[in-house]
1. With a cut-off of at most 15 other beta carbons within 10 Å, and DSSP calling the residue loop, which chymotrypsin sites (Phe, Trp or Tyr not before Pro) in the stretch 156-226 qualify? Please list them.
2. For the stretch 53-104, what % of the accessible area comes from carbon and sulfur atoms, probe 1.4 Å?
3. Please list, ordered by chain and number, the residues whose modelled amide H lies under 5 Å from the amide H of residue 47; skip anything fewer than 5 residues away on the same chain.
4. At a Förster distance of 41 Å, what's the computed FRET efficiency of residue 102 paired with residue 190, Cβ-Cβ distance as r, to 0.05?
5. Say each of residue 128 and residue 24 gets a label point 7 Å from the Cα, pointing the same way as Cα to Cβ; how far apart are those two points in nm?
Amino acid sequence: MSITKLGMASIIVLTAAAPVLAQNTAAVAATDLNIRSGPGPQYDILGVIPGGESAVVDGCLTDAAWCKVVFDGKSGWSSSDYLAVAVDEQAVALSTRPATVEVNSVTYEDTAQTQADKNTGAAAGATIGALTAYAVGGPIGGIIAGGIIGGAAGSAAVEPTTETVTYITTNPVETVYLDGEVAVGATVPANVPTYEVPQEGLRYLTINGQTVVVDAQTNAIVQVMR
């Protein structure tokens, strides 16, 4: 893999190869991607893989779209819907389990779940819907900097202004619990309430404890407030 810096953007180029037979493989985050303490959106966030950066994948669950990853010394779990590998020079999400990329199958047993995890998990049991993950695809070289921010993520014909960010941070709203990872490009169900901001074209809400800005027309997440 090579990374070519172009000003503020990083073009990620993965060389397509024969089936990967190593114990571990590498995948590129298609957007800024949470590393969690367990395989689910109810678990604590331990860190973030920046969009366009590569992480080591120790293995993935066979019955859920989550992989055990290592990035910058942090080990945890990330959504495989947003971990991209190259297949014939095309970006493919690990959640599709591409035949040419061999990934270990792993299991997860929550023997040390924190009380915060338990509380959040109990609340998350009453989810009111699910985020629709952005379908990672296209040339692998097109994963630039924030990855899908330049694509369907509602890229930002409208960028949140400083005034908008300040308004959101000073006007917190109650969280809603949805299945799926909170990531740029994911689409919020139409039945979930969103809230106005002093900027046309954007709205906001808090999902699974993370405040996000969404495109007012498509409900696609355009920014995760961190």
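The values are calculated or read from the model by the stated rules, or taken from the named source; none is laboratory data. The shown structure was predicted, so the numbers you read here are calculated from the model rather than taken from an experiment. Because the Cβ atoms are built from the backbone with ideal geometry, glycine has one as well, and the counts that use them run over all protein chains shown. Accessible surface areas use protein heavy atoms only, side chains included; no ligands, DNA or RNA. Shrake-Rupley method; radii C 1.70, N 1.55, O 1.52, S 1.80 Å.
1. Here no chymotrypsin sites (Phe, Trp or Tyr not before Pro) fit, given the DSSP loop and packing criteria.
2. Ligands and nucleic acids excluded, carbon and sulfur give 44 percent.
3. Here 35 satisfy the definition.
4. For residue 102 and residue 190, the calculated efficiency is 0.60.
5. If labels sit at residue 128 and residue 24, their model points lie 4.1 nm apart.
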